[in-house]
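The values are calculated or read from the model by the stated rules, or taken from the named source; none is laboratory data. These numbers were taken from a predicted model, which means no experiment stands behind them. Quick reminder, even Gly has a Cβ in these numbers, built from the backbone with ideal geometry, and neighbours come from all protein chains shown.
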Amino acid sequence: MQQLENSLKTALQTAAQAVFGVEIPAVSLTLQPTRKEFAGSFTLVTFALTKALGKGPEQIGQALGEWLKTNEPRVSGYNVVKGFLNLEIADAEWLAVFEQLRAQPATAPVATEGGPRNVVVEYSSPNTNKPLHLGHLRNNFLGYSVAEILKATGATVSKVNLVNDRGIHICKSMLGYQRFGHQETPESAAIKGDHLVGKYYVLFEKHYREEVKQLEAEGVAPDIAKRQAPLMLDAQQMLQQWEAGDEEVVSLWRQMNGWVYEGHNATYKAIGVDFDKFYYESGTYLLGKERVEEGMTKGVFFNKENGSVWVDLQAEGLDEKLLLRGDGTSVYITQDLGTAELKYQDFGYDSSIYVIADEQNYHMQVLQATLKKLGKPYADAIHHLSYGMVDLPTGKMKTREGTVVDADELVRDVEAAAKAATLEKGKTEGLSEQELEELYHLLGLGALKYYLLKVDPKKRMLFNPEESVSLEGDTGPFIQYSYTRTASIGRKAAEMGIDTTGELGNISDLQSSETELIQELARYASVVATAARTLSPAVVAQYCYELARAYNRMFVQVPFFGETDEAKRRLRLALSARVGAQLKASLGLLGISVPERM
């Protein structure tokens with residue numbers, strides 16, 4: 001496709017020289033896809049050429065178009081709409097483009113100019129005081145997809161997970177279990193371990209709010225009541241005991257974290273994401289404390305009267321930031337300093353992508369600025385993939401109030417919806433019970449992933465449960481179904497002994513749906529390059545939908561096996577096979593698998 005664009009630009013330069021006697025540099029010629037309501041494949045914006053050529057945009061378009069139609073065999077026709085020259089490309093050129101595509105596998109790496117080559121993508125980053133929820137799903141799906149997209153450009157990518165396994169929030173769930181758990185276990189309660197621990201985090205918050213309310217009723221100011229509530233004081237004491245290595249506290253911490261890890265890993269397996277390495281804040285905060293000491297030695301950090309350590313980032317347009325509490329306990333950024341260094345030691349990255357919600361924009365700016373203060377060579381490599389939060393129709397999700405959409409439950413819901421839709425259509429013949437269950441899982445998860453990934457990451461999104469499980473329209477299952485259609489045609493072609501990989505032969509007069517489909521197939525490389533540059537799986541999701549729609553248009557407009565012209569039949573079957581391979585590869589970049597039958 002790029003080769004065709006370059007050839008057209010060269011021809012346009014020649015046309016400008018021949019018609020207007022002016023040499024136009026290639027960078028001044030902007031070609032873009034022609035809008036679907038107009039005939040053509042490529043559009044030249046002629047407004048930018050008026051000064052150089054001394055003519056109006058429409059006059060320029062007409063003159064260049066006429067010259068190309070007469071002298072350039074690649075151009076079969078043209079039309080001018082105001083300042084836009086729409087070029088129609090000859091069928092032979094599209095066939096040549098398709099032959100070039102067929103010469104390489106659909107999963108071949110996409111060449112890109114510049115960009116990082118050694119990338120670490122950090123995502124998920126769960127807390128060990130609760131199960132994964134809807135917000136975590138968007139995070140996990142984004143991180144996994146971005147990693148796969150970058151891999152598709154030939155980059156070396158490492159997927160890592162920083163587990164937030166220590167801190168005051170973890171002590172809250174531990175204290176809640178100590179006070180209200182009565183030695184309950186996941187086995188005795190028949191509850192997944194992460195759900196059990198999350199139950200006690202919510203219980204802690206419930207009793208804590210009651211204590212705060214009681215203190216306020218006694219005349220204590222609200223901000224003081226929140227700090228002086230007995231449960232909060234006990235949680236802070238537990239954190240100090242943990243950092244001091246108290247045997248009883250550490251033992252409970254290990255037990256409850258173990259329950260959570262087992263639960264989280266089961267969820268990761270169910271949603272189809274993985275990691276190359278896990279980091280734990282309990283293993284990075286001490287290194288972070290060393291970096292804080294280093295900053296004090298270098299004079300770039302300072303103490304306040306209570307002994308706490310701070311960094312002054314006002315010159316960077318930020319503020320003063322706490323790095324270590326007065327009692328010596330660490331805060332989030334303490335361990336983040338340590339984790340950044342560990343990742344660099346392990347991977348020597350030239351780009352470290354943090355998939356973190358936009359609520360942490362300030363925190364990430366502080367982290368990078370603090371590392372620069374310390375003179376760390378990897379400070380500039382930090383990139384925050386800031387994504388919008390997921391809201392519910394009823395408002396924001398709040399874990400402490402138990403108003404979250406549980407990830408495990410949501411996966412079960414979309415699987416049930418996929419099952420209901422499949423049974424309603426009655427297309428389950430020939431599939432075993434196990435194959436059906438796998439199909440419902442693939443469709444349900446495809447619906448959920450596509451729903452969360454088709455929205456630009458930077459946009460805050462509203463999660464509509466009914467829309468998310470819809471299996472028609474701009475959805476994952478629609479695209480999955482389009483793939484199964486290509487697979488079905490491929491099986492039938494094989495049964496008939498038709499080779500879809502051989503030479504196409506002489507073909508003329510392509511149908512518009514065929515040239516449109518070749519164009520969509522040819523866009524794949526530029527789509528992946530754009531998605532990698534912008535770190536946006538939404539670009540790939542939109543491409544999948546457009547490719548599936550173009551394929552289905554061709555499917556209903558031209559015959560496949562009923563075509564009497566052998567060359568045309570071979571072309572259409574070859575197109576179908578390539579669409580299947582391209583859809584499978586593209587959906588794979590989103591972490592979506594495809595069924596062979598539906």
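Values computed for the structure shown
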{"read-out": "Criterion: assigned by TED's automatic domain parsing to the domain that holds residue 146, over 30 Å from residue 443 (Cα atoms) and under 36 Å from the mean Cα position of the chain (by Cα) - qualifying residue of 258, 245", "value": "258"}
{"read-out": "Residues that are modelled with pLDDT of 95 or more, of a type in the set (Ser, Thr, Tyr) and over 19 Å from the mean Cα position of the chain (by Cα), drawn from the range 354-397", "value": "362, 370, 378"}
{"read-out": "Hey, residue 253 more than 23 Å from the chain's Cα centre (by Cα), more than 14 Å from residue 127 (Cα to Cα) and surrounded by 19 or more Cβ atoms within 10 Å (Cβ to Cβ) or not", "value": "no"}
{"read-out": "Number of the condition not met by residue 67 [criteria: (1) over 30 Å from residue 506 (Cβ atoms); (2) over 40 Å from the mean Cα position of the chain (by Cα)]", "value": "(1)"}
{"read-out": "Condition check for residue 50: assigned by TED's automatic domain parsing to the domain that holds residue 9 and surrounded by fewer than 17 Cβ atoms within 10 Å (Cβ to Cβ)", "value": "yes"}
{"read-out": "Selection within the range 331-353 - modelled with pLDDT of 95 or more and aliphatic (A, V, I, L, M)", "value": "337, 340, 342, 353"}
{"read-out": "Residues that are out of contact with any strand residue (DSSP E or B) (no Cβ under 7 Å at 6 or more places or on another chain) and surrounded by 17 or more Cβ atoms within 10 Å (Cβ to Cβ), drawn from the range 345-366", "value": "365"}
{"read-out": "Contacts under 8 angstrom Cβ, first residue in the range 213-232 being over 20 Å from residue 174 (Cβ atoms), partner not in a helix (DSSP H, G or I), 6 or more apart", "value": "215/229; 228/220"}
{"read-out": "Residue 189 vs. criteria among the aliphatic types (A, V, I, L, M) and closer than 28 Å to residue 125 by Cβ", "value": "yes"}
{"read-out": "Residues of the range 257-270 satisfying the condition of being out of contact with any Gly (no Cβ under 6 Å at 6 or more places or on another chain), surrounded by 21 or more Cβ atoms within 10 Å (Cβ to Cβ) and either part of a loop (DSSP other than H, G, I, E, B) or not hydroxyl-bearing (Ser, Thr, Tyr) (or both)", "value": "257, 264"}
{"read-out": "Qualifying positions in the range 277-305 - more than 28 Å from residue 124 (Cβ to Cβ), of a type in the set (S, T, N, Q) and either at pLDDT below 95 or in contact with a helix residue (DSSP H, G or I) (Cβ under 8 Å, 6 or more places away or on another chain) (or both)", "value": "303"}
{"read-out": "Restricting the range 125-145 to residues that are in contact with a Phe, Trp or Tyr (Cβ under 8 Å, 6 or more places away or on another chain) and either among the hydrophobic types (A, V, I, L, M, F, W, C) or not assigned by TED's automatic domain parsing to the domain that holds residue 266 (or both), the residue that is farthest from residue 170 (Cα to Cα)", "value": "142"}
{"read-out": "Selection from the range 181-212 of residues that are buried (at least 18 other Cβ atoms within 10 Å of the Cβ), small (Gly, Ala, Ser) and either touching a Leu at 6+ places or on another chain (Cβ under 9 Å) or not assigned by TED's automatic domain parsing to the domain that holds residue 267 (or both)", "value": "181"}
{"read-out": "Residues of the range 327-350 satisfying the condition of being among the small types (Gly, Ala, Ser) and under 14 Å from residue 301 (Cβ atoms)", "value": "330"}
{"read-out": "Residues being closer than 26 Å to residue 131 by Cβ, in a helix (DSSP H, G or I) and not aromatic (Phe, Trp, Tyr) - total across the range 149-184", "value": "11"}
{"read-out": "Failed item, numbered, when residue 203 is tested on (1) among the hydrophobic types (A, V, I, L, M, F, W, C); (2) free of Cβ contacts under 8 Å to residues at least 24 places away in the same chain; (3) assigned to a helix (DSSP H, G or I)", "value": "(2)"}
{"read-out": "Cβ-Cβ under 7 Å pairs, at least 6 apart or on other chains, the range 408-420 side surrounded by fewer than 21 Cβ atoms within 10 Å (Cβ to Cβ) and part of a helix (DSSP H, G or I), far side at pLDDT 90 or above and aromatic (Phe, Trp, Tyr)", "value": "419/440"}
{"read-out": "Flag if residue 112 is hydroxyl-bearing (Ser, Thr, Tyr), assigned to a helix (DSSP H, G or I) and in contact with a helix residue (DSSP H, G or I) (Cβ under 9 Å, 6 or more places away or on another chain)", "value": "no"}
{"read-out": "Residue list for the range 521-564, restricted to those being under 23 Å from residue 488 (Cα atoms) and not in a helix (DSSP H, G or I)", "value": "558, 559, 560, 561, 562, 563, 564"}
{"read-out": "Residue in the range 503-511 that is assigned to a helix (DSSP H, G or I), exposed (fewer than 15 other Cβ atoms within 10 Å of the Cβ) and more than 31 Å from the chain's Cα centre (by Cα) present", "value": "no"}
{"read-out": "Residue check, residue 577 farther than 30 Å from residue 384 by Cα and of a type outside the set (D, E, K, R)", "value": "yes"}
{"read-out": "Checking residue 554 against (1) under 30 Å from residue 438 (Cβ atoms); (2) touching a Gly at 6+ places or on another chain (Cβ under 8 Å), the condition it does not meet", "value": "(2)"}
{"read-out": "Selection within the range 18-47 - surrounded by 12 or more Cβ atoms within 10 Å (Cβ to Cβ) and among the small types (Gly, Ala, Ser)", "value": "18, 28, 39, 40, 41"}
{"read-out": "Any hit, the range 310-319, residues being surrounded by fewer than 19 Cβ atoms within 10 Å (Cβ to Cβ), in contact with a Phe, Trp or Tyr (Cβ under 8 Å, 6 or more places away or on another chain), modelled with pLDDT of 95 or more and under 30 Å from residue 456 (Cα atoms)", "value": "yes"}
{"read-out": "Selection within the range 228-241 - part of a helix (DSSP H, G or I) and surrounded by 13 or more Cβ atoms within 10 Å (Cβ to Cβ)", "value": "228, 231, 232, 234, 235, 236, 237, 238, 239, 240, 241"}
